[in-house]
1. Exactly one of these conditions fails for Gly158: (1) of a type outside the set (A, V, I, L, M, F, W, C); (2) over 28 Å from Glu70 (Cβ atoms); (3) in a helix (DSSP H, G or I). Give me its number.
2. Of all residues being in contact with a helix residue (DSSP H, G or I) (Cβ under 9 Å, 6 or more places away or on another chain), hydrophobic (A, V, I, L, M, F, W, C) and over 22 Å from Leu117 (Cα atoms) in the stretch 30-86, which is modelled with the lowest pLDDT? Just the residue, please.
3. For the stretch 240-262, how many residues meet the condition of being in contact with a strand residue (DSSP E or B) (Cβ under 7 Å, 6 or more places away or on another chain) and over 21 Å from Leu64 (Cα atoms)?
4. If Asn121 satisfies every condition in (1) outside any helix (DSSP H, G or I); (2) under 17 Å from the mean Cα position of the chain (by Cα); (3) within 25 Å of Cys205 (Cα to Cα) but one, which is the exception?
5. Show the residue pairs meeting these rules: Cβ distance below 8 Å; 6+ apart or different chains; first residue within the stretch 88-107 and among the small types (Gly, Ala, Ser); second residue outside any strand (DSSP E or B).
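The values are calculated or read from the model by the stated rules, or taken from the named source; none is laboratory data. Fair warning: this is a prediction, and the values are worked out from it, not measured in the lab. As a convention, Cβ positions derive from the backbone with ideal geometry for all residues, glycine included, and neighbour counts pool all protein chains shown.
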Amino acid sequence: MPVDPRSVPDFDDLPKVQGMRRSWGLFDKDGEKDLIGTLNFITPEAVKAIGSKVKDGVSISLNLPLNAMEKLDAIGRKKSKHTISFIPETMGYPERMKSWDDEVEFNTQASSQWDSLCHVNHFGSGLAYNGFDLNKKDLADPIFQTKFPTIEHWHSHGGIVARGVLLDYKAFAEETKVPFSAFGNNPIKVKDLEACAKHFGVEFCPGDILIVRIGMTEVVNDPTEEDKKQMKSGIMNGLDGCEETARWLWNKRFAAVASDGFGLELFPTRKDEMPKLSTYVENHSSKWQILIF
């Protein structure tokens, strides 16, 4: 059931789990564990209000090709495979019935996608969002899947229908002469997000989906020689993965967060912030759009 964003405590008033603020249990109801996290902030009132704000009626797809991020050559993740089947050959029909099937095998992390609330577990306890204890066997079992905070619950909830709010940080950095590179090591801090929003006159509402553009997609698609050198470093820019960022995102009551980066936050995470990473990821429906959508 949707939850009035005003009814939940601010970040610093959230209960602690192993010393860190968590939203675990906050959306539980009638003894049932919540499975969709901050998507609860998308209320019918917020959805109805979206229609009145439409001006141009132009839709924009944020989807990338299924093999879009294979250029980054992520270790341990299989390459996508696309097979075209000629139906008369595979099903025994006469050849005059020319028709085709597509078969696709791919890792969801190789393109734009949403990370489920099971994707990254809390480092200290090993638990997923809302205290779920997961293992590979149970996640592969269709019966057990219905009990975990996986993506299919978003579908049964009615999908994701909300207002997307763009912070074009790449354009902001260019217009204000702020040094920034999608493959640099200067993460976007809260003060930068606020400055970007002010620069473009962006206002936020509870239940919004925040979309942060850092410009990684175009670099990956058409890199310069300097870009290629930066890409080899293994450093990929993004939001500052720290408690301050988690506090800002939660207190804004965003339903989800998206980016065109490899991950939403700077990767790899700074060692001094590693224990805080799970605070950042678990309290939000963050998805890699290319995402953390």
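1. (3)
2. Leu72
3. Count: 6.
4. (3)
5. Ser99/Ile87; Ser99/Pro88; Ser99/Tyr93
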